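Throughout, read-outs are computed from the coordinates displayed, never taken from laboratory work. In this text, all values refer to a predicted model and were calculated from it rather than measured experimentally. Glycine also receives a Cβ, built like all others from the backbone with ideal geometry; neighbour counts cover every protein chain displayed.
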Amino acid sequence: MSDECAPSPYDALLLLSYGGPEGPDDVVPFLENATRGRGIPRERLKEVGQHYFLFGGVSPINEQNRTLMDALRKDFADHGLNLPVHWGNRNWAPYLTDTLREMAREGHRRIAVLVTSAYASYSGCRQYREDLAGALSTLEAEGFPALRVDKLRHYFNHPGFVRPMIDGVLKSLGELPAEVRAGAHLAFTTHSIPLTAADTSGPVEGHGDGGAYLRQHLEVAGLIADAVREETGVEHPWRLVYQSRSGAPHIPWLEPDICDHLEELKGSGAPAAVMVPIGFVSDHMEVLYDLDTEAVAKAAELGLPVRRSATVGADPRFAAAVRELVLERAAAERGARVPRCALGSLGPSHDLCPIGCCPGRSPRPAAAGTGERPS
């Protein structure tokens, strides 16, 4: 194997995700894990859990992660990359600590980590790094050999992430009635987060005005809209909108909500819309419920034709992008300089999150960052 295709110093890849219930009995315990420390009553969690109960109490995210693991293993094998792929979650089985414990038992010591969140934010990056640090601390207390984990860079603008979404929009536009297709608006959606969390996302020097979270999403939306225009010859109006708000009403969050935006589109005379969930790697519960259920119902009520384009999921181009991310980081750790794929004006993201990047309300130790990477 050439140096360019060598995974060294890494001996495994960890797919790190959010997790989700696998049946009705799992729903409330899963939500208790996901909201631990926020003081949310169990009865309120049961109300929130109704979204899951509509789908049999099963979140699709776990099966989607299994499918992504299969795609990664196939891509690695097809390209001669001998790198085992493991999977762990923050909030449900297989739990991160259990997966790292098993990896340690198998002899893995240097692990590359792919987080199923493409953008900078506390909940999409820093919190995963905090959980990594907590898991490593637990294993150290149990007497396991020290593990080192390196989180792969943000991949929001990698061609292997963006191109499948472009194709998804083109497909969805083609599914709209011909008479409304040319005038369809594109509604790029992502998870709403508190304004304070958005403003402090990314490195300190870029804080304010939505921070890296807003800039990165606007970049991806613009890339997709430009590509659609180039390939169809039609300029589709677009806007970045939000979904899945879960916070207290008195705390300002990013707006507008997708359902409010659909009402605005109908009121302004837009003939149709395509909802493009750029903030999500796969079709998990927040896509299936907030878009495919709530937003589609709102559009039907309004008489507005809509389609929802596909997320990246286990697209082979995304699997190839992950391989490229592993190899570029491995080369960098060996001291080599390699080209880094990135579309748009923001360029490739940092390897190590700097101090002050995406801070939480209560500081906790975090792995895989500047000044925070001994493990």
Problem - Cα-based shape type of region 38-193, given that a ≥ b ≥ c are square roots of the gyration tensor eigenvalues and the cut on a/c is 1.5 - result: oblate
Problem - Sum of -39500 (n - 2.57) over DSSP H runs of 4+, divided by residues of the chain (222 nm, nearest 500) - result: -12000 deg cm²/dmol
Handout entry: Relative contact order [Cα under 8 Å, 6+ residues apart], the chain, whole percent
Key = 24
Practice task
For region 1-72, evaluate the Debye formula with one uniform point scatterer on each Cα (no solvent term) and list log10 I(q)/I(0) at q = 0.14, 0.18 Å⁻¹, rounded to two decimals.
Solution key: -0.58, -0.76
Handout entry: Cross-link reach list, aspartates and glutamates versus Lys298, counting only Cα pairs under 13 Å and skipping chain neighbours closer than eight places
Key = Asp257, Asp260, Glu263, Glu264, Asp290
Practice task
Can you tell me how much longer the chain between Thr232 and Phe55 gets when fully stretched, taken as 0.36 nm per residue apart minus their C-alpha distance, in nm with one decimal?
Solution key: 60.1 nm
Practice task
On a 0 to 90° scale, report how tilted helix 96-105 is relative to the longest principal axis of the chain, with both axes built from alpha carbons and the result rounded to the nearest 10.
Solution key: 30
Completion exercise
Given backbone amide H placed at 1.01 Å from N, residues whose amide H is under 5 Å from that of Tyr18, ignoring those fewer than 5 places away on the same chain, are Arg90
Exercise for the section: Pick out which of Ala178, Ala71, Ala34 has the largest mean-square fluctuation in a Gaussian network model of the chain, springs linking Cα atoms closer than 10 Å. Expected result: Ala178
Practice task
Assign one of three labels to region 267-375, namely rounded, prolate or oblate, based on the Cα gyration tensor with a ≥ b ≥ c the square roots of its eigenvalues; rounded applies when a/c is under 1.5, prolate when it is not and a/b is larger than b/c, and oblate otherwise.
Solution key: prolate
Completion exercise
For region 159-308, the dipole about the Cα centre with charges only on Cβ (Lys and Arg +1, Asp and Glu -1), to the nearest 20 debye, works out at 200
Completion exercise
Longest principal axis of the chain (C-alpha) makes with the long axis of helix 316-333 (C-alpha) an angle, in degrees to the nearest 10, of 40
Exercise for the section: Indicate the gyration tensor shape class of region 159-308 (rounded, prolate or oblate), computed on the Cα atoms with a ≥ b ≥ c the square roots of the eigenvalues: a/c under 1.5 is rounded; otherwise a/b larger than b/c is prolate and the rest oblate. Expected result: oblate
Problem - All aspartates and glutamates inside 15 Å of Lys46 as judged from Cα atoms, apart from same-chain residues fewer than 8 positions distant - result: Asp25, Asp26, Glu32
Practice task
Could you work out how far helix 127-141 tilts from the main Cα principal axis of the chain, as a 0 to 90 degree angle to the nearest 10?
Solution key: 20
